[in-house]
Amino acid sequence: LQDLGPGEVAARVPLSALIRLSPTSDVCDGNGYKSNIENDDNWAGELTAKLCQQDSLGDASPFREYMHIGLPNDAPRTVCRWSSSERLALQDAALVNESFENAAWRRRQLTNYRQGQHNNKAPVSSKKFLHYLDLV
């Protein structure tokens, strides 16, 4: 390994090799992703839906190999995945409240996905969606 000098490029990735949201997406304003209370950070759910779409394509997905190599098989066990009793045992009201808010946000993203906002031809399981959401 060597350090990069000023202006040196480490890698170039063609746009066609990226899983990304369309600039016309409901959560994109053309210049970047909207992130506010009004859209509930739905960009994460939208990107998760893209991962689910690629996952459902199986071997036909051009991203299949990258997803298997680059993404962990086990979802991170974030605090919002803990049981209520485990969270309460932290005895930190702010962290406990934040974890419950995050768990509710995850459920809203899953509900949006399940309601078909992403035109899923072959939706994945709730468990797989939440796994990808935690990776996003």
Gyration tensor (alpha-carbon) shape descriptor, region 37-81, a/c threshold 1.5 | oblate
With θ set to phi - 60° and the Karplus curve 6.51 cos²θ - 1.76 cosθ + 1.60, what are the ³J(HN,Hα) couplings of region 2-13 in order, to the nearest whole Hz, using x for Gly and Pro?
-> 9, 6, 7, x, x, x, 6, 9, 7, 7, 10, 10
Stretched fully, the stretch from Ser56 through Phe100 gains (0.36 nm per residue minus C-alpha distance, one decimal, in nm) 12.9 nm
Report the calculated FRET efficiency for Gln2 and Tyr66 (r = Cβ-Cβ distance, R0 = 25 Å), to the nearest 0.05.
-> 0.50
Between Arg114 and Leu88, what FRET efficiency comes out of the Förster formula 1/(1 + (r/R0)^6) with R0 = 25 Å and r the beta carbon distance, rounded to 0.05?
-> 0.30
Using the per-residue mean of other Cβ atoms lying within 10 Å as a proxy for protection, in what order, highest first, do the peptides 96-104, 81-89 fall?
-> 96-104, 81-89
Peptides 2-9, 62-69: what's the order by average Cβ count within 10 Å, highest mean first?
-> 62-69, 2-9
Where does the charge balance sit around Asp134 when Lys and Arg score +1, Asp and Glu -1, over other residues with C-beta under 12 Å from its C-beta?
-> +4
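No value in this document is a laboratory result; all are computed from the given coordinates. Remember, predicted model here, so these are calculated numbers, not experimental data. Cβ atoms come from the backbone with ideal geometry, glycine included; neighbour counts cover every protein chain shown.
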